[in-house]
Amino acid sequence: MSRCLHDCVAAGIPAVFLWLMARLPPSYIWDKESCPRGVAVMRNLWPNLWRWWSIGVHRWRKRWLVTLAGLAAIGGAGAGLWSWHLGTPPDPDQKLVMWLGDEPAPLDPGSTGDQWAMDLLGAVEEGLMRQGKGATLDPGLAERVEVSPDHTRFVFHLRLAAWSDGVPLRAEDFRYAWLRVLDPATHSPWARLLYPVQGAKAYAEGKGPAGQVAVKALGDRILEVKTTRPTPYFPSLTAEPALYPVRKDVVEKYGKEFGTGPGKMVFIGPFRISSWERDRQVTLANNPTYWDARHVHLTSVTFKIVKELGQRISLYETGGLDQTGVAGSWLDQWKGKPDPVAVPEDSVFFLVFNPERYPSFANKNIRLALSYALDRRDYVRRLWSGAAEPAYGLVPPSIPGRTKSFRQENGDLFVDNRPDAARALLRNGLQELHLNALPPLTFLSDNSAPSVAAAKWLQDQWKTKLGIDVRIDEVPAAERLHRQRTGDYQVAVAGWGADYNDASAFLKLWVSDFPDNLVHYHNPDYDRLIAAAEASTDPAGRAGELEQAERILFQDMPVAPLFFRERVWLQKPFVKHIVYPSVGLDWDLKGAYVEKRP
């Protein structure tokens, strides 16, 4: 009897233990960061528990009823543990169907500027850091980083990680990738991300050698970076796809074909590309060599290439897509339903006034008049169905300040929808220019329906409130972007998203010699404040300099902010844990999973 009792207990203890674990939050059991003691206990206790269960079953194998009961308890406990961690109940088929708005460009981290390519790169590769929910920053391939007190030296300690072909990750993979971004022969649009690094800008401009760039591999698992000035936001730059690691042997093997398909690259992220059907779909499978593979639940993700928003909505409604973007009037039909997921973006959209093609814009009062006349709340309500916020400054509300957001601390910098004040400013500007009326004005717009609607709204506001006649020049988006970059426009709407989570990501745009200064704004006081902020080691002083610079900007109004965008996604209620960062990539699928489909 005593042996029987012993065997019963031996068979039942693990089952009871699992049953208890299933009722604890997973972080108490598995999460090393949340509960290191729990992980240590599990590592030490689990082998013994399994041994006890095995002995009990072996000794009492004739008493099959107890064995079945133990197995049932263990199975129930395992299901309970899953249900705590992933929701109830999980779908046995962990597959997700998403979308891309166009055929992605080659997945070359150092050279692509294509958003669809970058979103795919975010799934199949990884940087030293990862963008988390909102604007948070999580460890990626670096398990930790040491930062000097003056924020000019960063030492990244790499994880034990391997590429999808089994080759170990090395610090040299990052050094090679970053020098390749800076190499003038690459023509990378992302070289400026590394300009804070000592010697980087000189090398990118052909004025210095690669050997002077202060990025060093100190062995296989330590990467040292030195910057020319305090750069507290540097770790967040390493989450950008452009700064992902790249293997030299793989680039040299495939040459211009690098990144053009699953057989022409290697992967070090949560997923790998299993198939790529041009202009149709890209399919991912989970990556078994990923360092954190146990937290990747999806077995496959299919990205269908669907260019038209209406077609995407139709596919979503009929079950052809599990997630899609939505905007404008389409939002109205989803109000009150669980599908929409709203995500504030670290981005701002603004009017750009080009004085080189429209000399009247050289007059500050003219620019102020066109800005103050606009009713931004009406713009957001009519054109974005509320999925945006009127902008009365340049830096979005999601960007941090000293203790609150930068936007809260610096406040609204002007008041709009003031027709009388706008007309007075227009009269003053015309007098200063010795004009009776403004010359004909042309607004450059994309030819998409939402962009044309926005252009017509602006046209009506300026005609109704200021009597200005505006012609709309509708062109394809690619042509509009080219003409803005080359200065071939009078007035247009532009947008900017943060490369990193700091106000300087927006304010340095208007420094006199910045490459993306579309309006060629020049103000020595503004330049001085931005330079002082970039060199400052005092966080409070730096924040004050950036705030003062933004106030100067809107006393001059070289650009007129319109709105801060809020991205809205439609996501099936059974899809869980897709992370939507406000900086950088559109989404992060690492921890996503699918509950039981209806």
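The values are calculated or read from the model by the stated rules, or taken from the named source; none is laboratory data. As the structure is a computational prediction, the values presented were derived from the model and not from experiment. Backbone-built Cβ (ideal geometry, glycine too); neighbour counts: all protein chains shown. Keep in mind that these areas ignore ligands, DNA and RNA; they rest on the heavy atoms of the full protein, side chains included. Shrake-Rupley method; radii C 1.70, N 1.55, O 1.52, S 1.80 Å.
What the table below lists for this structure:
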{"quantity": "Whole-Hz couplings from phi, Karplus 6.51/-1.76/1.60, listed for the stretch 517-532; x for Gly and Pro", "calculated": "6, 5, 9, 6, 5, 9, 9, x, 5, 5, 4, 5, 5, 5, 5, 5"}
{"quantity": "Rg(Cα)/(2.2 N^0.38 Å) for the stretch 332-463, N = residue count", "calculated": "1.23"}
{"quantity": "C-alpha center-to-center spacing [the stretch 381-456, the stretch 89-155] in angstrom", "calculated": "33 Å"}
{"quantity": "Scattering profile of the stretch 93-178 at q = 0.22, 0.24, 0.26 Å⁻¹ [log10 I(q)/I(0), Debye over alpha-carbon scatterers]", "calculated": "-1.29, -1.34, -1.36"}
{"quantity": "Vicinal HN-Hα couplings computed from phi for the stretch 457-463 (Karplus, 6.51 cos²θ - 1.76 cosθ + 1.60; Hz; Gly/Pro x)", "calculated": "5, 4, 4, 5, 4, 6, 6"}
{"quantity": "Convex hull per residue volume in Å³, alpha carbons only, for the stretch 364-441", "calculated": "110 Å³"}
{"quantity": "Accessible surface of K264 - all protein chains present, 1.4 Å probe, nearest 10 Å²", "calculated": "70 Å²"}
{"quantity": "Within-13-Å neighbourhood charge of A285 [Cβ basis; K, R +1; D, E -1]", "calculated": "+2"}
{"quantity": "Ordering of 192-198, 523-529 by packing [mean C-beta count within 10 Å, highest first]", "calculated": "192-198, 523-529"}
{"quantity": "Two-site FRET efficiency, R528 against Q115, from Cβ-Cβ distance with R₀ of 35 Å, rounded to 0.05", "calculated": "0.50"}
{"quantity": "Interatomic Cα distance distribution for the stretch 344-567, bins of 10 angstrom, percent", "calculated": "8, 34, 38, 18, 3, 0"}
{"quantity": "Point-charge dipole on Cβ atoms (K/R +1, D/E -1) for the stretch 502-598, about Cα centre, debye to 20", "calculated": "900 debye"}
{"quantity": "Mean Cβ neighbour count within 10 Å, used as a protection proxy, ranking 143-156, 167-180 highest first", "calculated": "167-180, 143-156"}
{"quantity": "Normalised contact order of the stretch 480-556, rounded percent, pairs of Cα under 8 Å and 6 or more residues apart", "calculated": "22 percent"}
{"quantity": "Amide hydrogen neighbours beyond the local backbone of G127, cut-off 5 Å, H modeled", "calculated": "L141"}
{"quantity": "The stretch 181-245 - charge dipole about Cα centre, Lys and Arg +1 at Cβ, Asp and Glu -1, debye rounded to 20", "calculated": "200 debye"}
{"quantity": "Placed amide H near T442: partners under 5 Å, 5+ positions off or other chain", "calculated": "R471, V491"}
{"quantity": "FRET efficiency, I472 to Y254 (Cβ-Cβ, R0 56 Å, nearest 0.05)", "calculated": "0.80"}
{"quantity": "Computed magnitude of the charge dipole of the stretch 344-567 (debye, nearest 20; Cβ of K, R +1, Cβ of D, E -1)", "calculated": "680 debye"}
{"quantity": "Per-residue HN-Hα couplings for the stretch 212-217 [Karplus 6.51, -1.76, 1.60; θ = phi - 60°; Hz; x = Gly/Pro]", "calculated": "8, 6, 7, 10, 10, 8"}
{"quantity": "Pairs beyond 20 Å (Cα-Cα), from K307/K590; K256/K304; K253/K304; K304/K572", "calculated": "K307/K590; K256/K304; K253/K304"}
{"quantity": "Interchain or long-range residues, amide H under 5 Å from S274's placed H", "calculated": "T283, L284, A285"}
